[in-house]
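The values are calculated or read from the model by the stated rules, or taken from the named source; none is laboratory data. The model shown is predicted, which means the values in this text are computed figures rather than measured ones. All Cβ positions, glycine included, derive from the backbone under ideal geometry; neighbour counts span all protein chains shown.
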Amino acid sequence: MATMIEENGPSTHGRGELSSYSSTARQKLESLLNKNMRIRMTDGRTLVGLFLCTDRDCNVILGSAQEFLKSSDSFSQGEPRVLGLAMIPGHHVVSIEVESDSLVGTQGFSQGSSH
(Lines give C-alpha, C1' and ligand atoms only; values in the text may rest on other atoms or scores of the structure.)
Protein backbone atom coordinates (compact mmCIF):
# COMPACT_ATOMS: atom_id res chain seq x y z
CA MET A 1 0.00 0.00 0.00
CA ALA A 2 1.27 3.48 -0.80
CA THR A 3 0.47 6.81 0.79
CA MET A 4 -0.42 9.63 -1.58
CA ILE A 5 1.20 12.98 -1.00
CA GLU A 6 -1.16 15.86 -1.40
CA GLU A 7 -0.22 19.41 -0.57
CA ASN A 8 -2.86 22.12 -0.64
CA GLY A 9 -1.44 25.59 -0.64
CA PRO A 10 -2.65 28.47 1.52
CA SER A 11 -5.59 30.40 0.14
CA THR A 12 -6.46 33.31 2.42
CA HIS A 13 -3.82 32.94 5.11
CA GLY A 14 -2.32 35.94 6.83
CA ARG A 15 1.40 36.61 6.82
CA GLY A 16 2.03 34.72 10.10
CA GLU A 17 -0.02 31.76 8.96
CA LEU A 18 1.82 31.70 5.62
CA SER A 19 5.15 31.54 7.43
CA SER A 20 3.84 28.73 9.62
CA TYR A 21 2.50 26.88 6.55
CA SER A 22 5.83 27.28 4.76
CA SER A 23 7.72 25.92 7.76
CA THR A 24 5.35 22.93 8.05
CA ALA A 25 5.61 22.19 4.32
CA ARG A 26 9.41 22.34 4.50
CA GLN A 27 9.46 19.95 7.47
CA LYS A 28 7.19 17.53 5.62
CA LEU A 29 9.44 17.63 2.53
CA GLU A 30 12.54 17.11 4.68
CA SER A 31 10.91 14.08 6.32
CA LEU A 32 10.47 12.54 2.85
CA LEU A 33 14.15 12.80 1.88
CA ASN A 34 15.66 9.41 0.99
CA LYS A 35 12.24 7.73 0.99
CA ASN A 36 11.22 5.51 -1.91
CA MET A 37 8.84 7.39 -4.23
CA ARG A 38 6.64 6.31 -7.12
CA ILE A 39 6.05 9.11 -9.64
CA ARG A 40 3.48 8.74 -12.41
CA MET A 41 4.11 10.93 -15.44
CA THR A 42 1.87 12.47 -18.12
CA ASP A 43 3.15 10.06 -20.80
CA GLY A 44 2.13 7.00 -18.75
CA ARG A 45 5.56 6.05 -17.46
CA THR A 46 6.19 5.44 -13.77
CA LEU A 47 9.53 6.17 -12.10
CA VAL A 48 10.45 4.64 -8.76
CA GLY A 49 13.46 5.80 -6.77
CA LEU A 50 14.79 7.63 -3.73
CA PHE A 51 13.53 11.20 -3.29
CA LEU A 52 16.66 13.36 -3.21
CA CYS A 53 15.39 16.90 -3.84
CA THR A 54 12.86 19.22 -5.41
CA ASP A 55 12.71 22.91 -6.28
CA ARG A 56 10.15 25.71 -6.44
CA ASP A 57 9.10 24.58 -9.94
CA CYS A 58 8.22 21.12 -8.54
CA ASN A 59 11.00 19.39 -10.48
CA VAL A 60 11.99 16.20 -8.66
CA ILE A 61 15.33 14.39 -8.49
CA LEU A 62 15.20 10.63 -7.84
CA GLY A 63 18.25 8.51 -7.08
CA SER A 64 18.57 4.84 -8.03
CA ALA A 65 15.57 5.37 -10.28
CA GLN A 66 13.88 2.68 -12.33
CA GLU A 67 11.43 3.33 -15.17
CA PHE A 68 8.30 1.25 -15.73
CA LEU A 69 6.45 1.64 -19.01
CA LYS A 70 2.67 1.89 -19.16
CA SER A 71 1.28 -1.58 -19.68
CA SER A 72 -2.04 -2.57 -21.25
CA ASP A 73 -2.16 -5.47 -18.78
CA SER A 74 -2.41 -4.04 -15.27
CA PHE A 75 -0.93 -7.24 -13.77
CA SER A 76 2.33 -7.19 -15.73
CA GLN A 77 4.49 -4.10 -15.85
CA GLY A 78 7.44 -5.85 -17.46
CA GLU A 79 11.08 -5.42 -16.62
CA PRO A 80 12.09 -2.01 -15.29
CA ARG A 81 14.74 0.04 -17.04
CA VAL A 82 17.46 1.22 -14.66
CA LEU A 83 18.02 4.98 -14.96
CA GLY A 84 20.14 5.79 -11.92
CA LEU A 85 19.85 9.53 -11.21
CA ALA A 86 16.76 11.04 -12.85
CA MET A 87 15.23 14.52 -13.01
CA ILE A 88 11.48 14.69 -13.57
CA PRO A 89 10.17 18.08 -14.73
CA GLY A 90 7.33 19.24 -12.47
CA HIS A 91 4.93 19.81 -15.36
CA HIS A 92 5.18 16.08 -16.28
CA VAL A 93 4.25 14.83 -12.78
CA VAL A 94 0.73 13.40 -12.47
CA SER A 95 1.06 11.87 -9.00
CA ILE A 96 3.65 11.13 -6.35
CA GLU A 97 3.33 8.30 -3.83
CA VAL A 98 5.56 7.34 -0.94
CA GLU A 99 6.04 3.58 -0.92
CA SER A 100 4.75 2.03 2.31
CA ASP A 101 7.88 -0.02 3.01
CA SER A 102 9.85 3.20 3.46
CA LEU A 103 7.25 4.63 5.87
CA VAL A 104 7.98 2.24 8.72
CA GLY A 105 9.01 4.36 11.68
CA THR A 106 8.24 7.64 9.92
CA GLN A 107 6.10 10.05 11.90
CA GLY A 108 3.30 11.96 10.25
CA PHE A 109 2.05 9.18 7.99
CA SER A 110 -0.44 6.45 8.72
CA GLN A 111 -0.19 3.31 6.64
CA GLY A 112 -3.97 3.02 6.58
CA SER A 113 -4.31 6.20 4.49
CA SER A 114 -6.12 5.96 1.20
CA HIS A 115 -5.37 8.01 -1.86
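List of remarks:
- Look at (1) of a type in the set (Val, Ile, Thr); (2) in contact with a helix residue (DSSP H, G or I) (Cβ under 8 Å, 6 or more places away or on another chain); (3) at pLDDT 90 or above and you find that Val93 fails only one, number (2).
- Residues (surrounded by 14 or more Cβ atoms within 10 Å (Cβ to Cβ), farther than 16 Å from Arg81 by Cα and not β-branched (Val, Ile, Thr)) located in region 38-64: Phe51, Leu52, Cys58, Asn59
- Scanning region 32-55 for residues that are among the small types (Gly, Ala, Ser) and in a strand (DSSP E or B) yields a count of 1.
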